[in-house]
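Have a look at the structure below, then the notes.
We did not get these values from a lab; they are worked out from the coordinates using the rules stated. All of these numbers come straight from a predicted model, not from anything done at the bench. We place every Cβ from the backbone using ideal geometry, glycine too, and count neighbours over all the protein chains shown.
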Amino acid sequence: MADVLSAEEIQAQIPDGWTLEEGEIVRTFEFDDYMKGVNFAQLTGEIAEAQNHHPTMTIGYKEVEVRFTTHSEGGITEKDISMAEFLNKEV
């Protein structure tokens, strides 16, 4: 089990480009074209599957919104922060 982070812990640890919205950390990644966004979403899905920690993703034209929360714990945990940090390195 992972401990849910407090609002203060989240603000101290949230990676660049991410915001806190309604119990989730959220970032919209922008791309030069639609297929680059689709490829990013696929890579994110593969990473999430390997980590057994799956985000909610919305694919739009030239952008992908990614949302993390740890549903089983009812809030944001270190898992979410780690996945967000990893995705920041991939873009």
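Rounded to the nearest Hz, the phi-derived 3J(HN,Hα) couplings of the range 24-30 under the Karplus curve 6.51 cos²θ - 1.76 cosθ + 1.60 (θ = phi - 60°) are 9, 9, 9, 8, 9, 8, 10, where x marks glycine and proline. Compared with the dominant Cα axis of the chain, that is its longest principal axis, helix 78-90 is turned about 30°. For Cα Rg over 2.2 N^0.38 Å, the value computed from the atomic coordinates appears in the list [x] 0.96; [y] 1.59; [z] 1.04 under label [z]. Among the GluC sites (Glu not before Pro) in the chain, those located in a DSSP loop and surrounded by at most 14 other Cβ atoms within 10 Å of their own Cβ are Glu22. Taking other C-beta atoms within 10 angstrom as a stand-in for reagent exposure, Phe68, Phe31 fall in the order Phe31, Phe68, fewest first. Neighbours of Lys62 by Cβ distance under 11 Å: Lys/Arg scored +1, Asp/Glu scored -1, total -3. Tell me the label-point distance for the pair Asp32, Leu20, using the 7 Å Cα-to-Cβ offset, in nm and rounded to one decimal. According to this spin-label approximation, the distance is 3.7 nm. Computed from the Cβ-Cβ distance with R0 of 25 Å, the FRET efficiency linking Phe86 to Ala12 stands at 0.85. Comparing Asn88, Leu43, Val4 along the charge dipole axis of the chain, the residue lying farthest to the positive side is Leu43, per the Cβ-charge model.
May I ask for the angle, rounded to the nearest 10°, between helix 34-51 and the longest principal axis of the chain, with both axes built from Cα atoms and the value confined to 0 to 90°? So the helix axis and the longest Cα principal axis differ by about 40 degrees.
Label zone of Glu46 (point 7 Å out along Cα→Cβ, amide N under 15 Å): in the range 76-91 this covers 87, 90-91.
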